[in-house]
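The values are calculated or read from the model by the stated rules, or taken from the named source; none is laboratory data. As the structure is a computational prediction, the values presented were derived from the model and not from experiment. Cβ sites come from the backbone with ideal geometry, for glycine too, and all protein chains shown count toward neighbours. In case anyone asks, the SASA skips ligands and DNA or RNA and just uses the protein heavy atoms, side chains included. Shrake-Rupley method; radii C 1.70, N 1.55, O 1.52, S 1.80 Å.
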Amino acid sequence: MTQHSIHASKSDCQRVISAIGKILSLSVCGGLFLSAAQAQEDLVVTDSDLPGRDPLSPTAALESFELEPGFSIELAAHEPQVMDPVAIAFDENGGMYALEMRGYSERMDALLGRVKYLQDQDQDGFYETSTVFAENLAWPTAIACSQGGVIVIGVPDMVFLKDLNGDHQSDLSQVLYSGFGSRASRLNVQQLPNNLTWGPDQRFHGAGGGNASWLQPRYKSAPAFGLNRRDFTLNPLDWSLTPTSGGAQHGLTLDDFGRKFVCSNSHHIQTVLFDSDWYPGPSSIRVPNPLMDIAAEGPAATVYRASPDEPWRVIRTEWRVAGKVPGPIEGGGTPSGYFTAATGIVIYRGIQFPESHQGNAFIADAGSNLVHRKIVEQSEAGINWIASRALPERQSEFLRSSDNWFRPVQLENGPDGALYVLDMYREVIEHPWSLPQPLKSKIDLNSGMDRGRIYRIVSNTRPRSRNRSGDTFKKNQPSDWVAKLKSENGWTRDTAARLIYENQAKSALPQLAKWITQCS
């Protein structure tokens, strides 16, 4: 090696070391590297740098919303009846089960999670009474009605809970699976199992989240198995759980034909084209990833928030751009204006919205205090989907709030055909790992844990039923269930199909056969 080449190699090494130092936010002092955490000790934040905004009362919060013309938003429930709602499930009797994740985002061990049972006894659309159905849960994130009870996932367990004496409190608790998140080196609060959704295959479909799991069946003696960045289906008759393709963060919905759409923070709408296990070919052939972004505007598309940027978010972005703290520099170095917290997605399948909104995707962004609408259409090639921003919201959103405390984290089709919006109503929704310590020490991540709202969105042009809470089902009458398979409301059809399957209602077979013959 020549002397010149030796000098060049040293120069190259110096450039590489310098680049690595910048990427990792390391500083050089006296020949020693200081970690980003140590460097953050020099960053100073005062209380005056982080002015807060006071929360609004439930009724005052209604005045903070901007909604697409032709629609109205109503309160369906609020604190103290419900707090920190992250998932809901409507039963066939007109009740609503709500999961309260009061331990978000760092209080898993406090077991603050609860299941509430809410009732609208006067049928005016507002759920005025609530009962603690189950409590002492860690981080509950998924719920579904089944066999007269509910299936709940609250790490590390999936449990079946049931009220046996009619007091709306769980008397039966059966652990179905243990081990959700058990193989994660560090449990990520924003990557937990979620969205148990009934499908046309007579199975519940769930999003597995990103925490690696090693699941042990508890309802029977069976081998344990892994669930790593995969979704799953659950058969309510024998509790068998089957891994499926997917792997999004938080958000799963099915359309009328069982096609699956999911979302993650910066990937606001994706589809799962196929299940990789279906491929029967040799293992040497690499199968493409079935999870695909379908947003015409790109994964982290532009959003139009009505709320101001939180001061802590502005400061963190400035620090990241300056290389003072590690973290992604998004949006060209701007603190907002794009998807960063897509936390819930639903294909609208109700009867309250006009034809133009049927089959549309609605996506909640908790960080930007809004709900976004997408028109989902088949691509010209016919093998994929394209999701495009709706024209009425070209520079706006379907729903947005000027209130930073509005934190929509989940959306659901309801028994009345309306779209339900779950609002944790927190001062801060942010992953604690992504907050630099000087900022985190000044922020109360528990602020608002005693609040929460559930909203209902309806069209102003569609008639409302007298029972404003929606459909109910006649107990132990399969003929009523079969008749409701013909409903235009997606929730009603799904519930009817579930009841027929779970009850193995053989008496309904002649009526089903006749109906199928008429349909064909």
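Per-structure values
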read-out	value
Additional length obtainable on full extension of the chain from TYR219 to ALA513, 0.36 nm per residue less Cα span	102.4 nm
Carbon + sulfur, % of accessible area of the chain - ligands and nucleic acids excluded, 1.4 Å	52
By average C-beta atoms within 10 angstrom, highest first, the peptides 453-461, 365-373, 182-190	365-373, 453-461, 182-190
Over 24 Å (Cα to Cα) - which of LYS116/LYS374; LYS475/LYS514; LYS374/LYS484 fall in this group	LYS116/LYS374; LYS374/LYS484
Whole-Hz couplings from phi, Karplus 6.51/-1.76/1.60, listed for the range 97-108; x for Gly and Pro	8, 10, 8, 10, 9, 5, x, 5, 10, 9, 10, 4
Low-density loop cleavage sites - GluC sites (Glu not before Pro) in the range 59-103, where at most 14 other Cβ are within 10 Å (DSSP)	GLU63
Cβ-placed point charges (K, R +1; D, E -1), dipole of the range 282-356 about Cα centre in debye, nearest 20	260
For the chain, calculated [θ]222 nm from helices alone, where every DSSP H run of n ≥ 4 adds -39500 (n - 2.57)	-4000 deg cm²/dmol
C-alpha long axis of helix 3-23 to longest principal axis of the chain, angle in °	40
Computed magnitude of the charge dipole of the range 49-196 (debye, nearest 20; Cβ of K, R +1, Cβ of D, E -1)	840
Stretchable slack from SER465 to ASP201, in nm (0.36 nm times residue separation minus alpha-carbon distance)	92.0 nm
Residue-normalised accessible area of the chain, expressed per residue, 1.4 Å probe, Å²	44
Gap separating the Cα centres of the range 351-391 and the range 226-251, nearest whole Å	25
Cα gyration tensor category, rounded, prolate or oblate, for the range 269-410 with a/c compared to 1.5	oblate
Farthest positive-ward along the chain dipole, Cα basis, beta-carbon charges - from PRO223, GLY327, ASN165	PRO223
Whole-Å distance, taken between Cα centres, linking the range 437-455 and the range 108-130	21
Dipole of the range 44-194 [Lys/Arg +1, Asp/Glu -1 at C-beta], most positive-end residue of SER105, VAL115, LEU75	SER105
Leading residue at positive end of dipole, the range 378-520 (Cβ point charges), from ILE500, ASN460, ILE383	ILE500
Angle in degrees between helix 490-502 and the longest Cα principal axis of the chain, rounded to the nearest 10	70
